[in-house]
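Notes follow once the structure below has been shown.
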Amino acid sequence: MQYFRKIWRDIGRPSIHYSIGALTLGGFIAGIFFWGGFNTVLEATNTEEFCISCHEMKDNVYQELRETIHFSNRSGVRATCPDCHVPHEWTQKIGRKAAATKEVWGKIFQTINTREKFNAKRRELAEHEWARLKANDSLECRNCHNFDYMDFTAQSPRASRQHSTSLADGEKTCIDCHKGIAHDLPDMSGVEGY
């Protein structure tokens, strides 16, 4: 206990050798380096290359994405993993990255390292992602798709009706109707509507 008291006293005592200005400047410079390093790592982990660097993602959901309009289309606009799974706003991005550490747990303990194990957990993983998108009103979808710019006349009658109804009542969000838009649906037996 005495040891901790001594450390606490030393931390609270003014510096003998360095001025407050030098300590402040040093702290400021160290903060810039910390922030730069932190942001660099954050952005490096926010790329498609990083996401598919583990075979669990590359061999499963990435292969499914490659077959969708979000990967290849007439306009050449392509959604990558972080576009759909990581919020763009910095504070929400940090929260999502913190939550993603649970996925690292799955990698370390090999809970989804084979196609069979992945498919066995697919519905649980999908439901977590659907709940997240439902809670944030499909924010990642809305970063690219905006009701204000939709041309309902260019859509099929069914899509036009559904989109205009969703816009009017505000009760539904993208993920309510567009589950399985970029990845195969899990076994949905027992779920109403599937």
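Quick check on GLY21: is it of a type in the set (Gly, Ala, Ser), loosely packed, with under 10 Cβ neighbours inside 10 Å and either in contact (Cβ under 8 Å) with a residue 24 or more places away in the chain or part of a loop (DSSP other than H, G, I, E, B) (or both)?
Details: of a type in the set (Gly, Ala, Ser): yes; loosely packed, with under 10 Cβ neighbours inside 10 Å: yes; either in contact (Cβ under 8 Å) with a residue 24 or more places away in the chain or part of a loop (DSSP other than H, G, I, E, B) (or both): no.
So GLY21 fails the test.
When each of PHE118, PHE71 is tested for being assigned to a loop (DSSP other than H, G, I, E, B) and within 18 Å of ASP184 (Cα to Cα), the lone residue that passes is PHE71.
Annotation note: Cβ proximity below 8 Å between a residue of region 120-137 that is closer than 19 Å to GLU64 by Cα and a residue that is surrounded by 15 or more Cβ atoms within 10 Å (Cβ to Cβ) and among the basic types (Lys, Arg) (sequence gap 6+ or interchain) occurs for ALA126/LYS179; TRP130/LYS179.
Look at (1) modelled with pLDDT under 85; (2) within 26 Å of ASN60 (Cβ to Cβ) and you find that LYS121 fails only one, number (1). A Cβ distance below 8 Å, combined with a sequence gap of six or more or placement on separate chains, defines the contacts here; from region 48-61, residues that are free of Cβ contacts under 8 Å to residues at least 24 places away in the same chain reach residues that are surrounded by 14 or more Cβ atoms within 10 Å (Cβ to Cβ) in the pairs LYS58/ILE52.
Scanning region 139-194 for residues being over 16 Å from GLU127 (Cβ atoms) and either hydroxyl-bearing (Ser, Thr, Tyr) or touching a strand residue (DSSP E or B) at 6+ places or on another chain (Cβ under 9 Å) (or both) gives a total of 7.
Return the only residue of SER164, SER189 being of a type in the set (S, T, N, Q), over 30 Å from LYS93 (Cβ atoms), part of a loop (DSSP other than H, G, I, E, B) and modelled with pLDDT under 85.
Details: SER164 fails: part of a loop (DSSP other than H, G, I, E, B).
From the options SER164, SER189, the qualifying one is SER189.
When region 77-109 is filtered for residues that are over 20 Å from HIS55 (Cβ atoms) and aromatic (Phe, Trp, Tyr), only TRP90 remains.
Among the residues that make up region 110-130, is at least one of them loosely packed, with under 12 Cβ neighbours inside 10 Å and over 22 Å from PHE50 (Cβ atoms)? Checked region 110-130: at least one residue is loosely packed, with under 12 Cβ neighbours inside 10 Å and over 22 Å from PHE50 (Cβ atoms).
Give the residues of region 145-194 that are of a type in the set (D, E, K, R) and either free of Cβ contacts under 8 Å to residues at least 12 places away in the same chain or surrounded by 13 or more Cβ atoms within 10 Å (Cβ to Cβ) (or both), sorted by residue number. It would help to see each step written out before you state the result.
Taking region 145-194 and keeping what is of a type in the set (D, E, K, R), we get 148, 151, 158, 161, 169, 171-172, 176, 179, 184, 187, 192.
Of everything in region 145-194, those that are of a type in the set (D, E, K, R) and either free of Cβ contacts under 8 Å to residues at least 12 places away in the same chain or surrounded by 13 or more Cβ atoms within 10 Å (Cβ to Cβ) (or both) turn out to be ASP148, ASP151, ARG158, ARG161, ASP169, GLU171, LYS172, ASP176, LYS179, ASP184, GLU192.
Count of region 37-92 residues, restricted to those that are exposed (fewer than 15 other Cβ atoms within 10 Å of the Cβ), among the acidic types (Asp, Glu) and farther than 20 Å from ARG122 by Cα, is 3.
Being surrounded by 10 or more Cβ atoms within 10 Å (Cβ to Cβ) and assigned to a helix (DSSP H, G or I) is the filter here, so list the residues in region 8-18 that pass it. Lay out the reasoning, then the answer.
Within region 8-18, the subset surrounded by 10 or more Cβ atoms within 10 Å (Cβ to Cβ) is 8, 18.
Across region 8-18, the qualifying residue is only TRP8.
The values are calculated or read from the model by the stated rules, or taken from the named source; none is laboratory data. All values derive from a computational prediction rather than experimental measurement. No Cβ is skipped: glycine too gets one built from the backbone with ideal geometry, and neighbour counts run over all protein chains shown.
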